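In what follows, a single structure is set out as structure tokens and then discussed.
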Amino acid sequence: MASALDEDTQQSLADGRESAKAFLRSVQKDLQKVFVVFLLGFLATFWALRVFIWDRLRAITESNMNAAVAAETDVIATTPFEVILLQAKIGLIVGVIFAIPPFIYVARDELRARGAWPQSPIARWKLAGIGLLGAGLFTVGVAYGVYAFFPIMFSFLAGFGLEAGLQPTYGIVMWTEFIVFLSLSFGLAGQMPLLITGLSYSGIVQYETFRDKWRYAVVAIFVFGAVFSPPDPFTQLMWAFPLIVLYGFSLYLAKLVVTAQRSSDRIDVLGAARNHWNVVGGAAVLGGGLVYAFYEYGGRTAVNDFLRLVNSDWRFLEPGAGLGTDPATAAGIYAAAWALAFVAVATLWAVYADLDTTSAGYQYGDPTAIDVSDLDAAGVRAAPDDAFAEMDEEESLALAQAALDDDDPEKAQAILDRFDAVHGEDGDGEGASDADAAGTGGGAGGSGGAGGSGDDGLMGTVQDRTSRASSTFLSELTDGDEDEAEDDIGGYYKDLRFIFDSLRSRSFRLVAVFGGVMAAAFTWLYLGGLATVRNDLESRVPAEIEGGINIITLHPVEALIFMVKFSVLLGIVAVFPVALYYAWPALRERGFVAGRIYQVYLWAGALFAGLIGGFALGYAYIAPGIIGWLVTDAKLADMIITYQVSDFLWLVVYTTVGIGFLADIPIAMLLLNNAGVPYRVFRTRWREVVVAIMLFAAVFTPADVITMILATLPLMAAYGIGIGVLFLVTFGGRRNLSPPSELVGR
């Protein structure tokens, strides 16, 4: 693997390893203290899990369920040692989290030497305040998960499972890890304001980077939520919306701190509130008015009806219920509390507005306080030199990259040109030469230049670096013989790139088809399709099996994950003919297929017919027969029939949709022969096909040798049947359905 890296990269990795070793040696004398903290966290967690946390987690799980659903919910251990191993695993993780703050504290001198810690000393009371703030944010994040997210989510998941005929019997490891790790993720996410503000204030990451990359942050939040939270839309929103709001609040705090730091302004909260008294007063009236309207105009009744609809035990009581006060007084207290909350938000906005409009750069004309990222290309060229004088090269490149991300290369080039010109005029040759070495294309002449188009500026630099990296990797891969690489790899790479480029302009339609089919399939399963399939298959169980089949969910979101995977599978199947239609001209031009585009309709129709026919055969006869045989065999052995939902449903998929795929293999081989792939290719390439089938089985079947064999043998048999059919149709390869295409014929 090292041979695929250029010399500079290998040297950088070596320097990084040496730096890490030196760092650990410098803090070695304090590692014992850090280990003691880790050990205390580990032992405390281990003890707490044994004494009261299990009961607490069970209470959280059932807190929002109705009595009938809670009675059907169980937590089980499936192996003898999994409980104690789980305690040790969670204890290790919590111990590491506890050890991180003291480790950072004892390593502060080394971090300062490497530029990752503020150079000026920080008072201990400030560090203590930061620690308390971090602990508070962590507690708020965990509290949101424990008291809001999990009760609603488990109530929904358990109720959904029972309606679909699935028993919510959670394995203790999956259940506990799901709650604990998701709670930790909420707590760590709560550190976002502290982290972003600290990084921005210290200059490790520019505030503008967090601000300009907010779209990527939102996507990352949803992606993280899709991986670590249930995949249904409701809990996705419960996960994502608080984090997005938290990210926005983090940007607000970072803006206040950075603006005050750069402009030397003091944050005057009372002055800002006086300057914007009308907004603050209006917010107070709005907050109190919303509470009054909620209780007086049917808001409480509407929300309670919705909670009753989703089987939640939560209710909004009459004002003062449980507090010992009359409704009018309680309503006044509620209104005052919400009015204060709205006033706090309005005051935060007022502080931000005053800092943004009364900073030195705006009020007194200080050019160093100008935010270059807010200017367009013409504004960058017209800005005074002082706005770029205190800017370092890294910040200029970050601003230029942000402009490129916003599809404004002219502004990016203007920023780099101005940076080069200012630093060149100041006599700081290093700044200009570094920028030139980075390929900025700017010169010391003037403030604009006509650059910024084509391959000039930062865009050309990125392209040059990409080209160099790819050529370096290719030369390493082929031991320096680039001509050989072109012959062996380049031709096929160019063909595939040409085909994918032909699909790029149609990518929106492809994504729309995929997303539409996936959403429709998931919605159908979500709204009762899963229960329909499960009940229909259970009705086919032999009559002598009393009680049918008991299907359980060991993981809280196991059923939803299956629904997502199955919906994705249907989306891929649906998008295949559409992609084939748009790619057909490119495939024909590169010699992969022959014939006119109307053959796509033949392909789609034939493959769809084979899929539907195989599915009907599997659903009507094969799936019930196999399931009935397995159930009968287990019953005769006096076993309790309890299947895990994912295993049972994938068995159904393999014996229904899988039969359709098997039927499509010979059909696809006939279609490919009709498109120009000769019979001899299928006959001589059987080894590659076997390897591909084994890889497919390894990825899409459970990690078990028997199941891999059970999936591999039918696929190989279907391929053999396809070769036999082609042998008959093509008279042993003497007359193909279509003349061989140029690519496969050479």
Given H placed 1.01 Å from N in the peptide plane, which residues other than close sequence neighbours of Ile551 have an amide H under 5 Å from its amide H? Gln167, Tyr643
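Assuming R0 = 56 Å, can you tell me the calculated FRET efficiency for the pair Lys213 and Ile723, based on Cβ-Cβ distance, to the nearest 0.05?
Values: r = 53 Å, r/R0 = 0.95.
Between Lys213 and Ile723 the formula returns 0.60.
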In whole Å, how far is the Cα centre of region 549-576 from that of region 43-103? 27
Give, in nm to one decimal, the length gained when the segment between Thr642 and Leu713 is fully stretched (0.36 nm per residue of separation minus the Cα-Cα distance). 22.8 nm
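By the scheme Lys and Arg +1, Asp and Glu -1, what is the net charge of all other residues having a beta-carbon under 10 Å from that of Val645?
Details: positive: Arg534; negative: Glu558, Asp647.
So the environment of Val645 carries a net charge of -1.
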Length added when fully stretched, Phe306-Ala378, from 0.36 nm per residue minus Cα-Cα: 20.5 nm
Compute the label zone of Leu162 within region 36-63: residues whose backbone N is under 14 Å from the point 7 Å along Cα-to-Cβ. 62-63
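For region 564-639, what is the Kirkwood estimate of the hydrodynamic radius, computed as the reciprocal of the mean inverse distance between distinct Cα atoms, to one decimal in Å?
15.6
Using the heavy atoms of the protein chains alone and a 1.4 angstrom probe, what is the accessible area of region 85-209 per residue in square angstrom?
Values: 5640 Å² over 125 residues.
Per residue, region 85-209 has 45 Å² of solvent-accessible surface.
R0 = 25 Å: FRET efficiency of Ala344 with Leu132, Cβ-based, nearest 0.05? Provide the component values of the computation, followed by the final result.
Numbers: r = 20 Å, r/R0 = 0.80.
Between Ala344 and Leu132 the formula returns 0.80.
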Report the Stokes-Einstein translational diffusion coefficient (µm² s⁻¹, integer) for region 585-704, Rh taken as the Kirkwood radius over Cα pairs, at 4 °C with viscosity 1.567 mPa s. 76
Residues other than Val205 with Cβ under 13 Å of its Cβ, Lys/Arg counted +1 and Asp/Glu -1, net out at -2
From the Cα centre of region 139-186 to that of region 633-663, the distance in Å is 27
Which value, in Å² rounded to 10, gives the accessible area of Thr73 with a 1.4 Å probe and all protein chains present? 0
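The values are calculated or read from the model by the stated rules, or taken from the named source; none is laboratory data. Predicted model, so just to flag it, every value in this text is computed and none were measured. Neighbour counts run over all protein chains shown; Cβ positions are idealised from the backbone, glycine included. When the accessible area is computed, the model is the full protein with side chains, heavy atoms only, and any ligands, DNA or RNA have been set aside. Shrake-Rupley method; radii C 1.70, N 1.55, O 1.52, S 1.80 Å.
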